[in-house]
1. Against the condition open to solvent by 20 Å² or more (accessible area, probe 1.4 Å) and touching an Asp or Glu at 6+ places or on another chain (Cβ under 7 Å), how does Tyr3 come out, does it pass?
2. Quick one: which residue in Ile77, Ile50 is assigned to a helix (DSSP H, G or I), of a type in the set (A, V, I, L, M) and modelled with pLDDT of 90 or more?
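The values are calculated or read from the model by the stated rules, or taken from the named source; none is laboratory data. As the structure is a computational prediction, the values presented were derived from the model and not from experiment. Every residue, glycine among them, receives a Cβ derived from its backbone with ideal geometry; neighbour counts consider all protein chains shown. SASA here: full protein model, heavy atoms, side chains in, ligands and nucleic acids out. Shrake-Rupley method; radii C 1.70, N 1.55, O 1.52, S 1.80 Å.
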Amino acid sequence: MPYTLPTAADFRAKFPAFAAVGDPTVTLAIQEASSSVDESWIEADYQPAILYLAAHILVVDGAITDGLGLGAVGGAIAAGVLSEAKVGDVTAKLASGGNSGGSSASGYGSTAFGSRYLQLLRRNQPAVALV
């Protein structure tokens, strides 16, 4: 797979849950994501990383409720927005800060797509230790 920018069609093939999101919105997310991935990445990771990051961006921006199309509560919990919800005897509440994982600066752990992007990022841009 060469270093070519993925298209909206590539995005929809990988993530059918975003079918209702318009091509211009998907294309803008792909362009935004591509600024974080360059040709120093492993060639096979280049397009998937852009696609996962674009999906994360769309979820965070509210283009769909969540990455799996499960509905408002699932999206709110994944994004860390929910402060408290009660259904019957079950209560869900997030701790202050609301980030459900990943780097607090990036929030990649707030969606499954961001978590997958973070895995690819770590493989391609490993942490460097100075001695």
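1. yes
2. Selected residue: Ile50, the only one of Ile77, Ile50 that is assigned to a helix (DSSP H, G or I), of a type in the set (A, V, I, L, M) and modelled with pLDDT of 90 or more.
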